[in-house]
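Trainee: Below: one structure in structure tokens.
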Ligand code: IMP
Ligand code: ZN
């Protein structure tokens, strides 16, 4: 079996995917049709192409955050966000994903409240589960640009939805422009969510900020995303690298996202190798498959090609990632699924 087919057929778990960053061109077109049919003014027609940040794009990391407003303009009603959820989940399923934790920031728009936004995503998840076998869960996102009241409001919402649907709403996360806001402002809300039973993941070390990174690691999140500026070679310090190594916190690694936002200069120099060689727990993820024109199977393939990993090593990465999913009840079941695939394809280590 060639590597392309192998990575596609390998049962994979996606643990870091932002809904509005994951919209494909065809999903955006479907949403434009829906808005036109509903008589809702859509101003995105002219610039959906600007949504994709390919290799060599000259936009900076901060510019990247502006592209999400294009997706947000399209997912402005409960129906639109439900359509976006269903189509996006279908694409992950078609790419060989067996479990996904989709994440999204609840938004108020002229057509919906934050609560209706979350309810619509959950509706999309439930409808999708009737159509295909992939298991889907939701992580509620807090944007770093939010003020204190908004942060508390989103934590309340996450806690309430987790209480009502613990089998679907499994976590809360912190994302958004990493140069904005201070981690300690979010600690009370995150702590409340943690005590209510939600798992926590944090975007950590996207930019150099050793003090904040140490605070994040000491907070003991259940996972972190990116973990770029941690080792001294990548702008971190010995102290935070040692803290990360001791912590065993699983890391959501997003190769193409980091290269295309120029957070790392190239695939070859990506910190994946450092994390992998140190034996740290890693979950290969897409981040924003629409914005970065990628897929989970493509990320596994790039990883294999760049770092010279065998099929057995790639499959082992997919297998390990099953133990980092927030729905702890399902970890062993999905891991068995990957093991079966490995046995069938003689890639068991
Ligand atoms: P949404 O939460 O479904 O609206 O997905 C888009 C949002 O995810 C953006 O507005 C950002 O807040 C967040 N996001 C997406 N990619 C990144 C990233 O690479 N770093 C930090 N935040 C991100
Ligand atoms: Zn992200």
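Each value in this text was obtained by applying a stated rule to the coordinates, not by laboratory testing. As the structure is a computational prediction, the values presented were derived from the model and not from experiment. Cβ sites come from the backbone with ideal geometry, for glycine too, and all protein chains shown count toward neighbours.
Trainee: Take peptides 90-101, 286-297 and line them up by average Cβ neighbours within 10 Å, highest first, as a rough protection proxy.
Mentor: Peptide ranking by packing, descending: 286-297, 90-101.
Trainee: With label points built 7 Å along Cα→Cβ from the Cα atoms of residue 147 and residue 328, find their separation and express it in nm.
Mentor: Placing both labels 7 Å beyond Cα along the Cβ direction yields 3.8 nm.
Trainee: Hey, if you drop one equal point scatterer on each alpha-carbon of the chain and run the Debye formula without solvent, what base-10 log of I(q)/I(0) do you get at q = 0.07, 0.08, 0.13, 0.14 Å⁻¹?
Mentor: -0.26, -0.35, -0.99, -1.18
Trainee: Between segment 238-296 and segment 190-216, what's the alpha-carbon centroid distance in Å?
Mentor: Centre-to-centre (Cα) distance: 16 Å.
Trainee: Rounded to the nearest 0.05, what FRET efficiency do residue 29 and residue 132 have when you use their Cβ-Cβ distance and R0 = 25 Å?
Mentor: For R0 = 25 Å, the calculated efficiency reads 0.70.
Trainee: How big is the gap, in Å, between the Cα center of segment 106-150 and the Cα center of segment 2-66?
Mentor: First find each Cα centre; the distance between them is then 17 Å.
Trainee: Taking 0.36 nm per residue of sequence separation and subtracting the Cα-Cα distance, how much length would be gained by fully extending the chain between residue 343 and residue 313, in nm to one decimal?
Mentor: Result for the pair: 9.5 nm of gain on full extension.
Trainee: Describe numerically, in nm with one decimal, the distance between label points set 7 Å from Cα along Cα→Cβ at residue 192 and at residue 38.
Mentor: Placing both labels 7 Å along Cα→Cβ, they lie 3.0 nm apart.
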